[in-house]
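Data first, discussion second: the structure below is written as C-alpha coordinates.
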Amino acid sequence: MELRQLGRTALKVSPVCLGGNVFGWTSDEKASFAVLDDFTASGGNFIDTADVYSTWVPGHKGGESETVLGKWLKSRGNRDKVIVATKVGSDMGNGKKGLKAAYIAQAIEDSLTRLQTDYVDLYQSHRDDEGTPQEETLGAYARLIQAGKVRAIGASNFTAVRLREALDLSAKNGIPRYESLQPEYNLYSRAGYEAELEPLCRKEQIGVIGYFGLASGFLTGKYRSEADFNKSPRGEDMGQYFNERGFRILKALDGVAAEAKATPAQVAIAWLIARPGVTAPIVSATRIEQSHELIKAMRLTLSPAQIAALDRASAA
Ligand SMILES: NC(=O)c1ccc[n+]([C@@H]2O[C@H](COP(=O)([O-])OP(=O)(O)OC[C@H]3O[C@@H](n4cnc5c(N)ncnc54)[C@H](OP(=O)(O)O)[C@@H]3O)[C@@H](O)[C@H]2O)c1
(Lines give C-alpha, C1' and ligand atoms only; values in the text may rest on other atoms or scores of the structure.)
Protein backbone atom coordinates (compact mmCIF):
# COMPACT_ATOMS: atom_id res chain seq x y z
CA MET A 1 0.00 0.00 0.00
CA GLU A 2 1.34 3.40 -0.94
CA LEU A 3 2.02 5.57 2.08
CA ARG A 4 1.46 9.32 2.04
CA GLN A 5 3.63 12.07 3.46
CA LEU A 6 1.94 13.98 6.27
CA GLY A 7 2.33 17.69 5.61
CA ARG A 8 6.02 18.48 5.25
CA THR A 9 7.03 15.97 7.92
CA ALA A 10 9.01 12.78 7.52
CA LEU A 11 5.94 10.81 8.65
CA LYS A 12 4.63 8.38 6.05
CA VAL A 13 1.09 7.28 6.76
CA SER A 14 -1.51 4.93 5.31
CA PRO A 15 -4.36 6.67 3.43
CA VAL A 16 -6.77 5.81 6.27
CA CYS A 17 -6.11 6.63 9.90
CA LEU A 18 -7.75 4.31 12.43
CA GLY A 19 -9.82 6.34 14.91
CA GLY A 20 -9.19 5.41 18.51
CA ASN A 21 -12.06 6.98 20.44
CA VAL A 22 -13.82 3.62 20.59
CA PHE A 23 -10.93 1.78 22.31
CA GLY A 24 -12.01 1.05 25.86
CA TRP A 25 -15.48 2.47 25.14
CA THR A 26 -17.71 0.71 22.59
CA SER A 27 -14.78 -1.55 21.73
CA ASP A 28 -13.35 -3.44 24.72
CA GLU A 29 -9.68 -4.37 24.92
CA LYS A 30 -10.10 -7.68 23.09
CA ALA A 31 -12.12 -6.17 20.26
CA SER A 32 -9.74 -3.18 20.02
CA PHE A 33 -6.70 -5.48 19.79
CA ALA A 34 -8.42 -7.51 17.06
CA VAL A 35 -9.16 -4.39 15.00
CA LEU A 36 -5.66 -2.99 15.55
CA ASP A 37 -4.09 -6.31 14.52
CA ASP A 38 -6.26 -6.53 11.43
CA PHE A 39 -5.71 -2.92 10.36
CA THR A 40 -1.93 -3.08 10.72
CA ALA A 41 -1.60 -6.56 9.20
CA SER A 42 -3.19 -5.19 6.03
CA GLY A 43 -0.95 -2.17 5.65
CA GLY A 44 -2.59 0.44 7.89
CA ASN A 45 -0.03 2.19 10.09
CA PHE A 46 -1.71 5.39 11.33
CA ILE A 47 -3.74 5.53 14.57
CA ASP A 48 -5.39 8.57 16.16
CA THR A 49 -6.36 8.94 19.80
CA ALA A 50 -6.58 11.66 22.45
CA ASP A 51 -5.94 11.98 26.17
CA VAL A 52 -9.61 12.85 26.72
CA TYR A 53 -11.04 9.61 25.23
CA SER A 54 -13.40 8.56 26.78
CA THR A 55 -14.35 10.96 29.59
CA TRP A 56 -17.96 11.07 28.35
CA VAL A 57 -18.58 7.52 29.54
CA PRO A 58 -19.89 7.32 33.11
CA GLY A 59 -17.09 6.09 35.38
CA HIS A 60 -14.31 6.96 32.92
CA LYS A 61 -11.78 9.69 33.62
CA GLY A 62 -10.00 9.96 30.27
CA GLY A 63 -6.96 8.08 29.06
CA GLU A 64 -8.89 4.83 28.50
CA SER A 65 -8.19 4.83 24.76
CA GLU A 66 -4.48 5.66 25.13
CA THR A 67 -4.19 2.93 27.75
CA VAL A 68 -5.62 0.26 25.45
CA LEU A 69 -3.42 1.44 22.59
CA GLY A 70 -0.37 1.44 24.86
CA LYS A 71 -1.03 -2.14 25.97
CA TRP A 72 -1.39 -3.21 22.36
CA LEU A 73 1.85 -1.47 21.30
CA LYS A 74 3.68 -3.08 24.18
CA SER A 75 2.32 -6.56 23.61
CA ARG A 76 2.95 -6.49 19.85
CA GLY A 77 6.40 -4.88 20.14
CA ASN A 78 5.70 -2.83 17.03
CA ARG A 79 6.04 0.76 18.24
CA ASP A 80 8.45 1.70 15.43
CA LYS A 81 6.04 0.39 12.77
CA VAL A 82 3.08 2.53 13.83
CA ILE A 83 2.45 6.27 13.55
CA VAL A 84 0.74 7.30 16.78
CA ALA A 85 -1.23 10.54 16.90
CA THR A 86 -2.72 11.86 20.12
CA LYS A 87 -4.12 15.15 21.38
CA VAL A 88 -4.05 17.51 24.31
CA GLY A 89 -6.27 20.37 25.41
CA SER A 90 -9.77 18.98 25.87
CA ASP A 91 -11.27 19.05 29.35
CA MET A 92 -10.04 16.08 31.42
CA GLY A 93 -11.62 17.43 34.63
CA ASN A 94 -9.94 18.88 37.73
CA GLY A 95 -8.69 21.87 35.73
CA LYS A 96 -6.73 19.68 33.30
CA LYS A 97 -7.41 21.36 29.97
CA GLY A 98 -6.20 24.04 27.58
CA LEU A 99 -2.93 24.74 25.82
CA LYS A 100 -0.80 26.53 28.40
CA ALA A 101 2.88 25.56 28.29
CA ALA A 102 3.02 24.16 31.83
CA TYR A 103 -0.05 22.01 31.22
CA ILE A 104 1.26 20.65 27.91
CA ALA A 105 4.54 19.69 29.61
CA GLN A 106 2.56 17.65 32.16
CA ALA A 107 -0.02 16.24 29.73
CA ILE A 108 2.56 14.76 27.36
CA GLU A 109 4.11 12.80 30.23
CA ASP A 110 0.71 11.36 31.15
CA SER A 111 0.05 10.40 27.53
CA LEU A 112 3.49 8.81 27.12
CA THR A 113 2.95 6.77 30.28
CA ARG A 114 -0.44 5.51 29.11
CA LEU A 115 0.87 4.81 25.61
CA GLN A 116 3.92 3.00 27.07
CA THR A 117 6.26 4.80 24.72
CA ASP A 118 8.82 7.58 24.93
CA TYR A 119 7.61 9.55 21.91
CA VAL A 120 4.44 10.50 20.09
CA ASP A 121 4.63 10.85 16.30
CA LEU A 122 1.96 13.52 16.01
CA TYR A 123 0.87 15.63 18.99
CA GLN A 124 -2.20 17.72 18.29
CA SER A 125 -3.97 20.66 19.89
CA HIS A 126 -7.42 19.13 20.28
CA ARG A 127 -9.14 22.49 20.05
CA ASP A 128 -8.13 26.11 20.02
CA ASP A 129 -7.52 27.79 23.39
CA GLU A 130 -8.07 31.47 22.92
CA GLY A 131 -7.10 32.10 26.54
CA THR A 132 -3.49 31.14 25.85
CA PRO A 133 -1.19 33.01 23.46
CA GLN A 134 -0.45 30.74 20.51
CA GLU A 135 3.21 31.69 20.85
CA GLU A 136 3.28 30.07 24.30
CA THR A 137 1.68 26.85 23.03
CA LEU A 138 3.95 26.59 20.00
CA GLY A 139 6.98 27.25 22.20
CA ALA A 140 5.96 24.37 24.48
CA TYR A 141 5.63 22.06 21.49
CA ALA A 142 9.01 23.18 20.14
CA ARG A 143 10.62 22.10 23.41
CA LEU A 144 8.92 18.68 23.22
CA ILE A 145 10.19 18.19 19.67
CA GLN A 146 13.65 19.28 20.76
CA ALA A 147 13.52 16.74 23.59
CA GLY A 148 12.52 13.95 21.18
CA LYS A 149 9.17 13.38 22.89
CA VAL A 150 7.16 14.50 19.86
CA ARG A 151 8.03 14.18 16.17
CA ALA A 152 5.50 16.62 14.68
CA ILE A 153 2.56 18.76 15.79
CA GLY A 154 -0.91 19.29 14.42
CA ALA A 155 -4.07 21.29 15.09
CA SER A 156 -7.67 20.15 15.35
CA ASN A 157 -10.90 22.15 15.20
CA PHE A 158 -9.08 25.41 14.40
CA THR A 159 -10.50 28.20 12.25
CA ALA A 160 -8.54 29.26 9.19
CA VAL A 161 -7.75 32.61 10.80
CA ARG A 162 -6.24 31.03 13.90
CA LEU A 163 -4.34 28.39 11.94
CA ARG A 164 -2.92 31.11 9.68
CA GLU A 165 -1.85 33.05 12.77
CA ALA A 166 -0.14 29.98 14.23
CA LEU A 167 1.71 29.29 10.99
CA ASP A 168 2.93 32.88 10.85
CA LEU A 169 4.13 32.74 14.46
CA SER A 170 6.08 29.54 13.83
CA ALA A 171 7.75 31.08 10.79
CA LYS A 172 8.52 34.31 12.64
CA ASN A 173 10.04 32.48 15.62
CA GLY A 174 11.81 29.81 13.58
CA ILE A 175 10.06 26.99 15.44
CA PRO A 176 8.11 23.92 14.23
CA ARG A 177 4.69 24.63 12.73
CA TYR A 178 1.42 22.73 12.77
CA GLU A 179 1.94 20.16 10.02
CA SER A 180 -1.56 18.71 10.06
CA LEU A 181 -5.15 19.77 10.56
CA GLN A 182 -7.90 17.56 11.93
CA PRO A 183 -11.25 19.12 11.01
CA GLU A 184 -14.66 17.43 10.87
CA TYR A 185 -14.88 16.36 7.25
CA ASN A 186 -16.94 13.87 5.32
CA LEU A 187 -19.31 13.67 2.37
CA TYR A 188 -22.10 15.21 4.45
CA SER A 189 -20.13 17.82 6.43
CA ARG A 190 -18.18 19.68 3.79
CA ALA A 191 -18.62 23.44 4.01
CA GLY A 192 -16.91 23.97 7.38
CA TYR A 193 -13.64 22.67 5.97
CA GLU A 194 -13.87 23.38 2.27
CA ALA A 195 -14.69 27.10 2.49
CA GLU A 196 -11.51 28.46 4.06
CA LEU A 197 -9.45 25.67 5.59
CA GLU A 198 -9.05 23.59 2.46
CA PRO A 199 -7.41 26.36 0.38
CA LEU A 200 -5.15 27.29 3.29
CA CYS A 201 -4.03 23.70 3.89
CA ARG A 202 -3.39 23.07 0.22
CA LYS A 203 -1.40 26.27 -0.17
CA GLU A 204 0.68 25.57 2.93
CA GLN A 205 1.00 21.79 2.42
CA ILE A 206 -0.67 21.04 5.73
CA GLY A 207 -1.70 17.38 5.93
CA VAL A 208 -5.45 16.99 6.38
CA ILE A 209 -6.76 14.14 8.53
CA GLY A 210 -10.49 14.80 8.84
CA TYR A 211 -12.57 13.13 11.55
CA PHE A 212 -16.05 11.57 11.41
CA GLY A 213 -15.07 10.11 8.02
CA LEU A 214 -18.28 8.07 8.04
CA ALA A 215 -20.39 10.71 9.81
CA SER A 216 -20.32 8.36 12.83
CA GLY A 217 -21.81 5.55 10.71
CA PHE A 218 -24.50 7.42 8.76
CA LEU A 219 -22.55 7.16 5.49
CA THR A 220 -22.43 3.37 5.78
CA GLY A 221 -26.16 3.39 5.04
CA LYS A 222 -27.03 1.40 8.14
CA TYR A 223 -29.32 4.10 9.47
CA ARG A 224 -32.25 4.46 7.05
CA SER A 225 -35.11 5.05 9.48
CA GLU A 226 -35.49 6.07 13.11
CA ALA A 227 -35.96 2.41 14.00
CA ASP A 228 -32.26 1.97 13.14
CA PHE A 229 -31.09 4.47 15.78
CA ASN A 230 -30.82 1.73 18.40
CA LYS A 231 -28.20 -0.13 16.36
CA SER A 232 -25.41 1.62 18.27
CA PRO A 233 -24.76 4.24 20.96
CA ARG A 234 -23.81 6.44 17.99
CA GLY A 235 -27.37 6.07 16.64
CA GLU A 236 -28.70 8.84 18.85
CA ASP A 237 -26.69 11.39 16.82
CA MET A 238 -28.14 10.32 13.46
CA GLY A 239 -31.18 12.60 13.46
CA GLN A 240 -29.02 15.49 12.22
CA TYR A 241 -28.44 13.67 8.91
CA PHE A 242 -32.06 12.65 8.32
CA ASN A 243 -33.04 15.24 5.75
CA GLU A 244 -33.42 15.51 1.99
CA ARG A 245 -29.70 16.10 1.40
CA GLY A 246 -28.62 13.25 3.68
CA PHE A 247 -30.83 10.75 1.86
CA ARG A 248 -29.69 12.10 -1.51
CA ILE A 249 -26.10 11.36 -0.47
CA LEU A 250 -27.03 7.82 0.63
CA LYS A 251 -28.73 7.21 -2.71
CA ALA A 252 -25.61 8.33 -4.59
CA LEU A 253 -23.43 6.15 -2.35
CA ASP A 254 -25.70 3.17 -3.05
CA GLY A 255 -25.42 3.81 -6.80
CA VAL A 256 -21.63 4.14 -6.87
CA ALA A 257 -21.23 1.18 -4.51
CA ALA A 258 -23.29 -1.08 -6.79
CA GLU A 259 -21.29 0.05 -9.81
CA ALA A 260 -17.90 -0.36 -8.08
CA LYS A 261 -18.87 -3.66 -6.38
CA ALA A 262 -18.13 -2.03 -3.06
CA THR A 263 -20.16 -0.85 -0.05
CA PRO A 264 -21.38 2.69 0.73
CA ALA A 265 -18.84 2.86 3.60
CA GLN A 266 -15.95 2.00 1.29
CA VAL A 267 -17.14 4.54 -1.28
CA ALA A 268 -17.54 7.32 1.31
CA ILE A 269 -13.98 6.73 2.52
CA ALA A 270 -12.57 6.40 -1.00
CA TRP A 271 -14.16 9.77 -1.89
CA LEU A 272 -12.28 11.36 1.02
CA ILE A 273 -9.00 9.68 0.10
CA ALA A 274 -9.35 11.02 -3.45
CA ARG A 275 -10.03 14.60 -2.35
CA PRO A 276 -7.00 16.79 -3.21
CA GLY A 277 -5.31 17.96 -0.04
CA VAL A 278 -6.57 15.11 2.14
CA THR A 279 -3.83 12.91 3.57
CA ALA A 280 -5.94 10.34 5.41
CA PRO A 281 -9.51 10.39 6.70
CA ILE A 282 -9.88 9.17 10.28
CA VAL A 283 -12.41 6.39 10.71
CA SER A 284 -13.01 4.15 13.68
CA ALA A 285 -13.98 0.50 13.55
CA THR A 286 -15.43 -1.55 16.37
CA ARG A 287 -15.29 -4.96 14.71
CA ILE A 288 -12.99 -6.80 12.30
CA GLU A 289 -15.66 -6.70 9.57
CA GLN A 290 -15.46 -2.92 9.79
CA SER A 291 -11.66 -2.78 9.66
CA HIS A 292 -11.81 -5.03 6.57
CA GLU A 293 -13.90 -2.30 4.98
CA LEU A 294 -11.25 0.31 5.79
CA ILE A 295 -8.64 -1.82 4.07
CA LYS A 296 -10.85 -2.28 1.02
CA ALA A 297 -11.52 1.47 0.90
CA MET A 298 -7.79 2.18 0.83
CA ARG A 299 -7.61 0.05 -2.33
CA LEU A 300 -10.70 1.44 -4.05
CA THR A 301 -10.19 4.02 -6.79
CA LEU A 302 -13.29 5.92 -7.85
CA SER A 303 -13.66 7.14 -11.42
CA PRO A 304 -13.98 10.89 -12.12
CA ALA A 305 -17.65 10.27 -13.03
CA GLN A 306 -18.29 8.52 -9.70
CA ILE A 307 -16.61 11.36 -7.77
CA ALA A 308 -18.69 13.89 -9.73
CA ALA A 309 -21.90 12.00 -8.89
CA LEU A 310 -21.04 12.10 -5.18
CA ASP A 311 -20.11 15.78 -5.41
CA ARG A 312 -23.44 16.58 -7.07
CA ALA A 313 -25.45 14.66 -4.48
CA SER A 314 -23.68 16.34 -1.57
CA ALA A 315 -23.89 19.89 -2.92
CA ALA A 316 -25.52 22.19 -0.37
N1 LIG B 1 -10.60 16.00 16.72
C2 LIG B 1 -11.81 15.83 17.18
O3 LIG B 1 -12.40 16.73 17.79
C4 LIG B 1 -12.50 14.52 16.93
C5 LIG B 1 -13.88 14.41 17.19
C6 LIG B 1 -14.47 13.18 16.93
C7 LIG B 1 -13.72 12.10 16.45
N8 LIG B 1 -12.37 12.26 16.24
C9 LIG B 1 -11.52 11.15 15.71
O10 LIG B 1 -12.13 10.60 14.58
C11 LIG B 1 -12.33 9.20 14.78
C12 LIG B 1 -13.57 8.75 14.07
O13 LIG B 1 -14.74 9.28 14.70
P14 LIG B 1 -16.03 8.44 14.93
O15 LIG B 1 -15.67 7.03 15.23
O16 LIG B 1 -16.87 9.13 15.93
O17 LIG B 1 -16.79 8.55 13.53
P18 LIG B 1 -16.69 7.76 12.17
O19 LIG B 1 -15.35 7.29 11.89
O20 LIG B 1 -17.39 8.64 11.21
O21 LIG B 1 -17.66 6.52 12.44
C22 LIG B 1 -17.12 5.29 12.80
C23 LIG B 1 -18.18 4.39 13.38
O24 LIG B 1 -19.05 3.97 12.33
C25 LIG B 1 -19.31 2.57 12.47
N26 LIG B 1 -18.71 1.88 11.33
C27 LIG B 1 -17.41 1.91 10.91
N28 LIG B 1 -17.23 1.16 9.83
C29 LIG B 1 -18.43 0.65 9.53
C30 LIG B 1 -18.88 -0.20 8.51
N31 LIG B 1 -18.06 -0.63 7.57
N32 LIG B 1 -20.19 -0.56 8.50
C33 LIG B 1 -21.03 -0.11 9.43
N34 LIG B 1 -20.65 0.72 10.44
C35 LIG B 1 -19.37 1.08 10.49
C36 LIG B 1 -18.67 2.13 13.77
O37 LIG B 1 -19.61 2.32 14.82
P38 LIG B 1 -20.60 1.22 15.40
O39 LIG B 1 -19.90 0.52 16.48
O40 LIG B 1 -21.71 2.08 15.86
O41 LIG B 1 -20.97 0.29 14.28
C42 LIG B 1 -17.57 3.15 13.95
O43 LIG B 1 -17.18 3.30 15.28
C44 LIG B 1 -12.31 9.01 16.28
O45 LIG B 1 -11.97 7.71 16.66
C46 LIG B 1 -11.29 10.02 16.69
O47 LIG B 1 -9.99 9.45 16.54
C48 LIG B 1 -11.78 13.45 16.47
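The values are calculated or read from the model by the stated rules, or taken from the named source; none is laboratory data. Keep in mind it's a predicted model, so treat the numbers as computed, not measured. Positions of Cβ are backbone-derived with ideal geometry, glycine not excepted, and every protein chain shown enters the neighbour counts. Heads up: the accessible areas ignore ligands, DNA and RNA and are worked out on the full protein's heavy atoms, side chains in. Shrake-Rupley method; radii C 1.70, N 1.55, O 1.52, S 1.80 Å.
Which of the GluC sites (Glu not before Pro) found in the stretch 28-130 are loop residues per DSSP with 13 or fewer other Cβ atoms within 10 Å of their Cβ?
Here the GluC sites (Glu not before Pro) that fit, given the DSSP loop and packing criteria, are Glu130.
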Treating only Lys and Arg (+1) and Asp and Glu (-1) as charged, each at its beta carbon, one finds that the chain has a dipole about its Cα centre, in Debye to the nearest 20, of 540
Whole-Å distance linking the alpha carbon centroid of the stretch 162-198 with that of the stretch 1-56 is 21
Rounded to the nearest whole number, the Stokes-Einstein translational diffusion coefficient of the stretch 254-316 at 10 °C and 1.306 mPa s (Kirkwood radius, C-alpha pairs) in µm²/s is 132
Short to long, in 5 Å steps from zero, the percent of alpha-carbon pairs of the stretch 127-177 per bin is 4, 21, 32, 27, 13, 3
Proximal lysine pairs in the stretch 67-179, meaning Cα under 21 Å and 8 or more positions apart or interchain, come to 14
Compactness summary of the chain: radius of gyration and Dmax from Cα atoms, Å, are 18.8, 55
Result for the chain: accessible area per residue, probe 1.4 angstrom, in square angstrom, of 42
Ser232 and Asn78 label points (each 7 Å along its Cα→Cβ direction) are spaced in nm at 2.2
Full extension between Glu259 and Asp37 adds, at 0.36 nm per residue less the Cα distance, a length in nm of 76.9 nm
Rounded to the nearest 10, the angle in degrees between the Cα long axis of helix 264-274 and the longest principal axis of the Cα atoms of the chain comes to 50
Relative to the chain, whose Cα atoms define the longest principal axis, helix 134-146 and its Cα axis are tilted in degrees, nearest 10, by 80
Note on the stretch 10-120: the mean projected area of its alpha-carbon convex hull, in nm², is 7.1
In this structure, the FRET efficiency calculated for Arg248 and Gln205 from their beta-carbon separation, with R0 = 41 Å, to the nearest 0.05, is 0.75
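Any chance you could run the full-extension gain for Lys172 through Glu130? It's 0.36 nm times the residue separation minus the Cα-Cα distance, nm to one decimal.
Stretched out fully, the Lys172 to Glu130 stretch lengthens by 13.1 nm.
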Once Asp91 and Ala147 are pulled to full extension, the length gained, defined as 0.36 nm per residue separation minus their Cα-Cα distance, is 17.6 nm
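Quote the FRET efficiency, to the nearest 0.05, computed for Ser303 versus Gln106 with a Förster distance R0 of 35 Å and r equal to the Cβ-Cβ distance.
It comes out at approximately 0.10.
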Taking protein heavy atoms only, a 1.4 Å probe, and rounding to whole percent, the accessible area of the chain owed to carbon and sulfur comes out at 52
Helix 304-313: inclination vs the chain longest Cα principal axis, degrees, rounded to 10, gives 90
The distance between the Cα centres of the stretch 277-316 and the stretch 76-94, in whole Å, is 24
With label points set 7 Å from each Cα along the Cα-to-Cβ direction at Gln5 and Glu196, the distance between them in nm comes to 2.9
Here, Lys296 and Thr159, labelled 7 Å along Cα→Cβ, have an inter-label distance in nm of 4.2
Within the chain, the percent of DSSP beta bridges that are antiparallel, given to the nearest 5, stands at 5
In Å³ per residue, the alpha-carbon convex hull of the stretch 143-269 encloses 142
